[in-house]
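Shown next, in structure tokens, is the structure this report addresses.
The values are calculated or read from the model by the stated rules, or taken from the named source; none is laboratory data. Since we're looking at a predicted model, the values are computed, not measured. Because the Cβ atoms are built from the backbone with ideal geometry, glycine has one as well, and the counts that use them run over all protein chains shown. For the accessible areas, the whole protein counts, side chains as well, though only heavy atoms, and no ligand, DNA or RNA atoms are used. Shrake-Rupley method; radii C 1.70, N 1.55, O 1.52, S 1.80 Å.
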Amino acid sequence: MVIIVGLPDAAVKEFEKLVETYPKAVELHSGLAVAYLMANRPQDALTQVPYLEKSKQLAPAMRKAIEGT
């Protein structure tokens, strides 16, 4: 994965393409949020929260982080 090798901007571009192609794939929205954070774009990462909040696949730890508890 491009994030792992230290290319967050490249990861953002790839995840943006994937999310556009597969808008219902929650794991891609999650990946895009992480890529935005790695690219120092926290406001963009927040745009992915609504997709993650709706997911029943969301890990409990991520749900707590989103909900701020």
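Would you be able to say whether some residue in the range 55-62 is in contact with a helix residue (DSSP H, G or I) (Cβ under 7 Å, 6 or more places away or on another chain) and modelled with pLDDT of 75 or more?
yes
When the range 9-39 is examined, which residues are found to be of a type in the set (S, T, N, Q) and touching a residue at least 24 places away in the same chain (Cβ under 8 Å)?
SER30
With the requirement that a residue be outside any helix (DSSP H, G or I), open to solvent by less than 100 Å² (accessible area, probe 1.4 Å), closer than 22 Å to ALA61 by Cβ and modelled with pLDDT under 90, what does the range 1-47 give you?
Once the filter is applied, which keeps residues that are outside any helix (DSSP H, G or I), open to solvent by less than 100 Å² (accessible area, probe 1.4 Å), closer than 22 Å to ALA61 by Cβ and modelled with pLDDT under 90, the range 1-47 yields only ILE3.
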